[in-house]
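Engineer: What follows is a single structure, and I will ask about it in a moment.
Values quoted throughout were computed directly from the atomic coordinates according to the rules given, and no laboratory measurement underlies them. All values reported here derive from a predicted model rather than from experimental measurement. Cβ atoms come from the backbone with ideal geometry, glycine included; neighbour counts cover every protein chain shown.
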Amino acid sequence: MNSIIRKSVLGIAGLAFAGGVFAGPAAAQAAPAVEAGRPVAVQADKPAVDTGKLIPHGVQGAQSRIDLSDEQVANTKAIIAATKKAGMDERAAVVSIATALQESKLENLGHLGDRNDHDSQGLFQQRPSSGWGTVEQITDPEYSTTAFLKGLKQVDGWQDMPLTKAAQTVQVSAYPDHYAQWEQLAADLVAKHWNS
């Protein structure tokens, strides 16, 4: 008799545990937050970004990914802020971030001596000698992003182009197809940080 009761109790406990595991997070989200017996205001999540806008043509070729440092995340957020300030949309931010990933891996590069492409610097490897601005300007993330976006706005139909073509039209790189490999990561970063 004891073994039957014990099995029943263990069976009920198992069901309660399983129910708690499966229903626990949903129930926890539905319940209001309480701190020291008082309700606490919980900020609702911000609206999600329409991911269909981020990669309207699908990615081209193999995609690359890197883990970002705090500096790289801050530069990502600076690019997004400058894009919003310029009145441009999430797709423009994707093109900008993918370009900066290719050019500098989102690191605000100063002069690298022989490793530089001529006098290229900053997030977008813009060149003072090509009229992008002074060294101080192009190493400022807001300025360099705004300069890139100004160039992008001048590209007729950039919204309907593959990312690599839009980026290449602005950047005039010796490796025009390399921008495409960063499109998915750039889209993921915009989706994560656009409303943060």
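Engineer: Got a sec? Which helices (runs of 4 or more DSSP H) wholly within the stretch 122-183 have at least 2 residues that are buried (at least 22 other Cβ atoms within 10 Å of the Cβ)?
Structural biologist: On the way: elements: 135-138, 141-153, 163-171.
Counting at least 2 such residues, we get 141-153, 163-171.
Engineer: Restricting attention to the stretch 91-105, which residues are buried (at least 19 other Cβ atoms within 10 Å of the Cβ) and either assigned to a loop (DSSP other than H, G, I, E, B) or among the charged types (D, E, K, R) (or both)? Step through it out loud before you land on a result.
Structural biologist: We begin by selecting, within the stretch 91-105, every residue buried (at least 19 other Cβ atoms within 10 Å of the Cβ); these are 91-104.
Once the filter is applied, which keeps residues that are buried (at least 19 other Cβ atoms within 10 Å of the Cβ) and either assigned to a loop (DSSP other than H, G, I, E, B) or among the charged types (D, E, K, R) (or both), the stretch 91-105 yields ARG91, GLU103.
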